[in-house]
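First comes the structure, then the notes that go with it.
Just so it is clear, none of the values below were taken in a lab; they were calculated from the coordinates. Computed from a predicted model, the values in this text were never measured in an experiment. Using ideal geometry, Cβ is built from the backbone for each residue, glycine included, and neighbour counts are taken over all protein chains shown.
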Amino acid sequence: YLKISEGCNHRCAFCIIPSLRGDLVSRRPDAVLREAEKLVAAGTRELLVISQDTSAYGVDLRHRAWPWKGAEVRAHMTDLARELGRLGAWVRLHYVYPYPHVSEVIPLMAEGLVTPYLDIPFQHAAPSVLKAMKRPANDAKVLERIKAWRAICPDLAIRSSFVVGFPGETEADFQYLLDWLTEAQLDRVGGFRFEPVEGAAANALPGHVPPEVTEERYARLMAHTA
């Protein structure tokens with residue numbers, strides 16, 4: 001569920017995780033911290049925390065606490081980020097969904113314990129498309145949270161990626177996404193075209209977008225965020 005590893009010649013920690021399915025299973029925080037501690041001792045300068053949903057870390061463990069360095073550390077995103085930051089390496093958080101408790105991590109970024117960077121898989125902004133994706137669709141609250149985070153940590157950089165051509169996406173939905181991006185002012189934006197994947201529930205949704213329309217929207221998205 002949550003992995004830290006190292007790999008490149010620059011001795012930064014990273015890993016590439018394939019798409020995962022099924023229930024989220026969290027590793028014990030002391031196990032993650034021991035792994036990170038060994039990496040830092042070996043010269044690793046950057047720790048990339050990667051999971052399917054880092055914001056939900058420890059939910060399955062009921063945020064239980066384990067002994068660590070004469071104290072305790074909970075299986076919780078905030079506690080883990082704080083303790084990782086104390087190891088002396090850069091700590092970069094990936095695949096963080098904008099749940100309310102993410103706000104607790106932003107002060108750690110302002111203090112310099114955690115790299116002021118969030119990789120948030122927003123995927124879209126239009127409520128109807130997010131509903132079809134079975135994702136939270138309160139875009140107004142997300143914008144408010146982004147503004148509040150930047151007020152606490154002005155150096156915060158946010159990266160995300162968005163899908164165009166998802167079944168049922170209308171021109172109005174796509175324009176809604178562009179307008180949302182204008183207001184959100186994300187620092188890095190990636191995009192990809194929806195493609196049917198064998199076994200995916202989205203294949204059965206109505207209103208599949210013609211490939212030429214998807215391609216045109218993809219080009220407009222990239223131009224808008226350049």
For the stretch 37-149, averaging the sequence separation of alpha carbon pairs under 8 Å that lie six or more residues apart and dividing by its residue count, the contact order in percent is 23 percent
For the chain, longest principal axis from Cα atoms; helix 211-225 axis from its Cα atoms; angle between them, nearest 10 degrees, is 50 degrees
Quick shape check on the stretch 47-98: root eigenvalues a ≥ b ≥ c of the Cα gyration tensor, a/c under 1.5 is rounded, otherwise prolate if a/b tops b/c, else oblate, and it reads oblate
On the formula 1/(1 + (r/R0)^6), with r taken between the Cβ atoms of residue 200 and residue 101 and R0 of 35 Å, the FRET efficiency rounded to 0.05 is 0.70
With +1 at each Lys and Arg Cβ and -1 at each Asp and Glu Cβ, the charge dipole magnitude of the chain around its Cα centre, to the nearest 20 debye, comes out at 760 debye
With Cα coordinates, the longest principal axis of the chain makes an angle with the long axis of helix 171-184, in degrees rounded to 10, of 40 degrees
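If each residue of separation counts as 0.36 nm, what is the full-extension length gain between residue 226 and residue 187 once their alpha-carbon separation is subtracted?
Roughly 13.0 nm would be gained on extension.
Relative to 2.2 N^0.38 Å, what does the C-alpha radius of gyration of the stretch 108-223 come to as a ratio? Two decimals please.
Taking N as the residue count of the stretch 108-223, the ratio is 1.16.
Restricting the count to DSSP beta bridges whose residues both fall in the chain, what percent are antiparallel, rounded to a multiple of 5?
If we restrict to bridges inside the chain, about 30 percent are antiparallel.
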In the chain, taking the dipole from +1 charges on Lys and Arg beta carbons and -1 charges on Asp and Glu beta carbons about the Cα centre, the listed residue (129, 36, 168) farthest towards the positive end is 36
Calculated from DSSP helices alone, with each H run of at least 4 adding -39500 (n - 2.57) and the total divided by the residues of the chain, [θ]222 nm to the nearest 500 comes to -10500 deg cm²/dmol
Residues whose modelled amide H sits under 5 Å from the amide H of residue 50, counting only those 5 or more places away in sequence or on another chain, are 3
Between the Cα axis of helix 139-152 and the main Cα principal axis of the chain, the angle (0 to 90°, nearest 10) is 40 degrees
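What is the count of Lys pairs in the chain whose alpha carbons sit under 25 Å apart, if the two are 8 or more places apart or on different chains?
Details: 3/38; 3/69; 38/69; 131/141; 131/147; 134/147.
Step by step, the pairs that qualify in the chain add up to 6.
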Interchain or sequence-distant (5+) residues whose placed amide H lies within less than 5 Å of the amide H of residue 45 are 12, 13
Summed over the other residues with a beta carbon less than 14 angstrom from that of residue 190, with K and R at +1 and D and E at -1, the charge totals +1
Everything considered on the Cα gyration tensor (a ≥ b ≥ c; rounded for a/c under 1.5, else prolate if a/b is larger than b/c, else oblate), the chain must be described as prolate
Expressed as a whole-number percentage, the relative contact order of the chain with C-alpha contacts under 8 angstrom and at least six residues apart is 14 percent
